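Student: One structure follows; several queries about it will come next.
What follows draws every value from the coordinates through simple rules; no lab data is involved. Owing to the predicted nature of the structure, the values given are computational and were not obtained by experimental measurement.
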Ligand code: NAP
């Protein structure tokens, strides 16, 4: 029997403790919503802990316990799962957080912990969209060159420096928190956290006379308005594609993740209350 099939066989044999313990790997709107729904529905019958990388200095409040900071790779996460007595893990990390996704898959397999990934669907592309799809930030810099001089950058602060190679452009940059440096001679920094509205995005892009939007293909409702606004204003969008996520059991919505947790941890069984 292969190591993989031993692990699979053990999955269903693992007893669930009382109250069961769930770890949500977060840093996203969905992670916060999942923690909120489960805490509201099950209260003390379920221990919910959310883990965040700790990238933002002032994270939003979250239901249940919060753990901030990395685990120390897949091995560190595996040790944590065993030590904290975690029964199940839901990976709600951002579609571009591929290291954490891989670590979660490896660690849960190693410790026979039940595992689900919430894979946020891609944004729907319509016939009116003018998307220039690229593989990474370097590809986005190259693609931008002929597309205009007033650029709306909606990427993380770690991605900004690469765009400073483009001279004589205006950069409208939106982040949650101020970056260590603003690497552009001409531009504007907006500090704001979604969700954003279509009217708000239209007004912003018109005011800043934006020629082109740059974004990761993050998906999700909270930031879709910028895509809809670019569509309406007929602006090109340089879209950094997603890589393929690990092939693991997954769902696409918070509601489906709630249902999985309830079934897997037997929260709806009569007599478990
Ligand atoms: P990443 O490259 O996949 O992960 C890098 C390291 O950060 C991981 O190896 C892990 O450190 C730690 N880490 C990541 N997510 C964690 C979590 N939920 N809890 C505890 N530790 C975590 O991730 P990233 O792209 O830097 O993103 C970091 C976090 O920001 C993620 O949680 C993600 O959901 C959120 N986020 C990312 C983006 C994006 O565009 N990448 C956008 C919005 C939100 P150890 O190896 O030490 O465990």
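Student: Using a ≥ b ≥ c from the Cα gyration tensor of region 220-273 (square roots of the eigenvalues), is it rounded, prolate or oblate, where a/c under 1.5 gives rounded and otherwise the larger of a/b and b/c decides, a/b for prolate?
Tutor: Because a/c hits 1.5 or more and a/b fails to exceed b/c, region 220-273 counts as oblate.
Student: While we're here: Only Cα pairs within less than 10 Å get springs; with that Gaussian network setup on the chain, which residue of 66, 34, 118 has the largest fluctuation?
Tutor: Most flexible of the set in this elastic network: 66.
Student: A further question follows. Calculate the radius of gyration of the Cα atoms of region 94-203 to one decimal place, then report Dmax, the largest Cα-Cα distance, as a whole number, both in Å.
Tutor: Using the Cα atoms of region 94-203, the pair Rg, Dmax is 17.6, 54 Å.
Student: Restricting to bridges with both residues inside the chain, how much of the DSSP beta-bridge set is antiparallel, in percent to the nearest 5?
Tutor: 0
Student: Before anything else, pin down the relative contact order of the chain: Cα pairs under 8 Å, at least 6 apart, normalised by residue count, whole percent.
Tutor: 20
Student: Rounded to whole Å, give me the distance from the Cα center of region 41-118 to that of region 156-211.
Tutor: Centre-to-centre distance over Cα atoms comes out at 31 Å.
Student: Between the helical axis of 254-264 and the dominant principal axis of the chain, each derived from Cα atoms, what acute angle in degrees is found, rounded to the nearest 10?
Tutor: That helix lies at roughly 10 degrees to the long axis.
Student: Something else: Once you sort the root eigenvalues of the Cα gyration tensor of region 48-103 as a ≥ b ≥ c, which label holds: rounded (a/c under 1.5), prolate (a/b larger than b/c) or oblate (the other case)?
Tutor: The shape class here is oblate.
Student: Can you tell me the orientation of helix 3-13 relative to the chain, as the angle in degrees between its alpha-carbon axis and the longest Cα principal axis, to the nearest 10?
Tutor: For 3-13 against the chain, the angle is about 70 degrees.
Student: Taking the Kirkwood radius as the inverse of the mean 1/r across Cα pairs, report the Rg/Rh of the chain.
Tutor: A ratio of 1.02.
Student: Under the definition of Cα pairs under 8 Å and six or more residues apart, what whole-number percent is the relative contact order of region 39-187?
Tutor: Computed value for region 39-187: 15 percent relative contact order.
Student: Rounded to the nearest 500, what is the 222 nm mean residue ellipticity of the chain from helices alone, with -39500 (n - 2.57) per DSSP H run of 4+ residues and division by all residues?
Tutor: Only helices count here, giving -10000 deg cm²/dmol.
Student: So what's the angle, to the nearest 10 degrees on a 0 to 90 scale, between helix 29-42 and the longest Cα principal axis of the chain?
Tutor: On a 0 to 90 degree scale, this one is about 30.
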